[in-house]
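The block underneath contains the structure these notes are about, expressed in structure tokens.
The values are calculated or read from the model by the stated rules, or taken from the named source; none is laboratory data. The structure presented is a predicted model; accordingly, all values stated were derived computationally and were not measured. No Cβ is skipped: glycine too gets one built from the backbone with ideal geometry, and neighbour counts run over all protein chains shown. Accessible surface is based on the protein model in full, side chains and every heavy atom, while ligands, DNA and RNA are left aside. Shrake-Rupley method; radii C 1.70, N 1.55, O 1.52, S 1.80 Å.
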Amino acid sequence: MARTSRKQQTSLSQSRSEQSKLYNVAIYARLSVEDNGKDSDSIESQIEYLEDFIEADSTMRKVAVYIDNGFTGTNFMRPEFRRMIDAARMGDINCVVVKDLSRLGRNYVETGEFLEKVCPFLNLRFIAVNDNYDSAAMSSNDQLAASLSNIINDFYAKDISRKVYSALKTKMENGEYIGAWEKYGYLKDPDNKNKLIVNPETAPVVQQIFLWRSEGMSYMGINKKLNELGVLSPGQYKAERGIVTNNNQKKRKILWNKHIVTDILKDITYVGHMAQRKTTQCLFAGIQYSRVDENEWIIVHNTHEPIISQELFDKVQEINNKTAATSRANSGKYDYLPKAKNIYGAKLVCADCGARMKLLRSISTKKDKAYFTFNCPTYAEHGKTGCSSKSKRKADMDEAVFHAIRAQMDVFMETASIIKSLLAQKQAVNKGASRKQRKASLTTKIKNLRSSISSLYIDMKDGLLTGEEYLVQKEKYQAQMTELEHNLDRLTRDENETEDQLIGAKKWAAIVEEYSGATELSEGMLNACVELIKVHTDGSLEIKFNYAQEFVELLETTERLKKEVA
């Protein structure tokens with residue numbers, strides 16, 4: 001494995017020596033789709049390399065690893081990267097280490113913005129080991145080198161993008177299939193991966209879906225029927241064949257749902273035509289990922305064998321259009337009644353299936369009131385086959401979460417007050433001698449002992465001491481010095497830990513101060529305090545707070561201080 005060069009170690013170690021505080025370090029590793037399979041830069045090798053780097057530095061401790069596997073470096077819309085930044089905002093980490101700048105990103109503007117603005121704003125130290133980049137010890141030359149590296153990475157990504165975009169567009173215009181996975185009902189021709197052939201296992205399922213719809217069966221009715229018959233959904237069918245996707249890595253079985261059924265029932269692929277470029281993303285042209293209007297799709301007719309007839313397809317489209325028209329007519333029917341905003345979003349999930357809880361509005365029989373309830377969408381669509389029933393009134397949810405946050409704030413304030421009192425007692429126990437004075441005293445004693453050891457050697461050379469006397473006295477001085485150094489190290493570590501706790505206390509004190517007067521739950525209060533809420537079948541809530549680890553550390557500090565002043 002590659003190791004950090006002597007020059008890099010020297011430069012980085014110099015910056016480390018200037019840092020007295022302990023860094024809570026996050027490792028960030030990224031691998032794009034095109035990088036997969038290159039063992040020299042695999043996720044595992046990146047992490048192992050960076051762990052070695054962190055272990056060699058006593059001012060660093062690894063607290064988290066964030067991995068974006070299969071995500072492009074051309075933008076920062078990556079799940080684990082965003083989660084890492086949230087952790088930095090909350091103060092859980094204050095240093096990020098990557099193998100090189102290209103792992104951070106290949107977009108010059110966004111990468112520069114992150115290094116020059118985001119990191120300083122978050123007081124976040126950033127280290128790119130192979131590029132010898134450390135934001136804690138930056139010179140103008142380092143900044144120039146980093147800028148040039150970012151420009152090169154950006155140019156490389158855009159050049160690849162231009163070539164890939166041109167090649168894929170040509171294939172689409174020629175009627176060649178470019179999807180990563182074949183369409184349900186088809187397989188990729190083993191002799192030509194850009195051509196679809198009928199899958200004898202799944203094509204009959206597609207035919208049955210169209211027949212049921214032509215007979216007037218609803219989307220949900222088709223969905224339910226397929227699950228009752230035990231027909232594997234497209235996602236589960238891939239999983240059974242060993243094809244791993246983001247969707248089928250969940251532990252639970254992937255069932256048919258309305259979205260899958262509606263997509264199949266409007267796809268012209270099944271009548272033998274190819275419709276592609278439904279979404280687009282073009283780095284070199286500056287186009288972000290977006291959906292494309294239907295009239296701009298690339299459509300090529302008669303590219304492969306159809307599964308259903310054009311007549312059946314047209315009949316189904318008529319039914320689909322009538323259903324959509326009825327839905328539009330009913331839309332807005334109860335607009336005169338209040339609506340509610342779901343402030344929880346991805347923070348509120350079903351404890352069993354992990355799906356986001358859905359906020360539903362129900363109307364009273366007199367049509368004069370609206371009620372709001374959170375329900376498990378998996379159970380709502382699949383019943384007991386998919387999950388267990390979970391339902392909680394929004395008003396009860398808001399009240400329960402609000403009181404849980406307030407209770408946590410009370411615990412925090414009480415703990416912070418206890419720590420303040422214990423620190424005052426500790427200072428009194430130390431008879432007024434400040435930590436700074438004790439550190440200075442220990443440092444002076446260590447310095448004097450080193451000087452005494454040097455004098456011993458001179459005395460021996462001058463014949464004032466025998467060799468044996470020299471060794472005995474030297475051993476005595478070294479034992480004293482070892483004990484003093486241990487005491488100094490413990491004092492410094494104790495100081496750093498206590499200061500870290502107090503920094504955290506100040507941060508959460510600001511949150512408490514901001515929301516202490518709140519009388520109800522708000523989106524800001526929720527986002528500041530809560531990471532995740534799980535809803536259980538009995539209606540109970542499992543709340544994970546953003547600052548849970550900091551609470552643990554505060555309690556540990558309290559116990560340690562109690563022992564010290566006992």
Worksheet, complete the sentence: Contact list, first residue from segment 363-380 and closer than 10 Å to Leu337 by Cβ, second anywhere and outside any strand (DSSP E or B) and modelled with pLDDT under 85, beta-carbon distance below 6 Å, six or more apart or interchain, is Ile363/Tyr334; Ala370/Leu337; Ala370/Pro338
Worksheet entry | Residues being part of a helix (DSSP H, G or I) and modelled with pLDDT under 90 - total across segment 235-265 | 8
Discussion item. Please verify whether Val33 is at pLDDT 90 or above and open to solvent by 50 Å² or more (accessible area, probe 1.4 Å), treating the condition exactly as stated.
Written reply: no
Discussion item. Looking only at segment 545-566, count every residue that is in contact with a strand residue (DSSP E or B) (Cβ under 8 Å, 6 or more places away or on another chain) and farther than 17 Å from Ile343 by Cβ and tell me the total.
Written reply: 2
Fill in: Cβ pairs under 7 Å, 6+ apart, first in segment 110-129 and within 9 Å of Cys95 (Cα to Cα), second crowded, with 21+ Cβ neighbours inside 10 Å and hydroxyl-bearing (Ser, Thr, Tyr)
Arg125/Tyr23; Ile127/Tyr133
Fill in: Residues satisfying the stated conditions in segment 515-566, i.e. touching a residue at least 40 places away in the same chain (Cβ under 8 Å), at negative phi and in a loop (DSSP other than H, G, I, E, B)
Ser516, Ala518, Glu520, Leu521, Ser522, His536, Thr537, Asn546, Tyr547
Worksheet item: Mind checking whether some residue in segment 556-565 is within 29 Å of Arg82 (Cβ to Cβ) and either polar (S, T, N, Q) or open to solvent by less than 60 Å² (accessible area, probe 1.4 Å) (or both)?
Response: no
Discussion item. Take the conditions open to solvent by less than 60 Å² (accessible area, probe 1.4 Å), touching a residue at least 24 places away in the same chain (Cβ under 8 Å), in contact with a His (Cβ under 9 Å, 6 or more places away or on another chain) and more than 30 Å from His536 (Cβ to Cβ) and apply them to Val300. Does it pass?
Written reply: yes
Item to complete: Check whether at least one residue in segment 359-382 is closer than 22 Å to Phe545 by Cβ and not in a strand (DSSP E or B), and report yes or no.
Response: no
Worksheet entry | Meets criteria (within 29 Å of Lys225 (Cα to Cα) and either part of a helix (DSSP H, G or I) or open to solvent by 60 Å² or more (accessible area, probe 1.4 Å) (or both)) for Ala346 | no
Discussion item. Quick test of your reading of the structure: Gly70 fulfils all but one of (1) modelled with pLDDT under 85; (2) at negative phi. Name the failing condition by number.
Written reply: (2)
Discussion item. Checking the structure you have, find out if any residue of segment 114-130 is at pLDDT below 65 and open to solvent by 10 Å² or more (accessible area, probe 1.4 Å).
Written reply: no
Item to complete: Identify the residue in segment 383-405 that is of a type in the set (Ser, Thr, Tyr) and part of a loop (DSSP other than H, G, I, E, B) and, among all such residues, is nearest to Gly539 (Cα to Cα).
Response: Ser389
Item to complete: Scan segment 79-113 for residues that are of a type in the set (Val, Ile, Thr) and either within 26 Å of Ala56 (Cα to Cα) or buried (at least 23 other Cβ atoms within 10 Å of the Cβ) (or both) and jot them down.
Response: Ile85, Ile93, Val96, Val97, Val98, Thr111
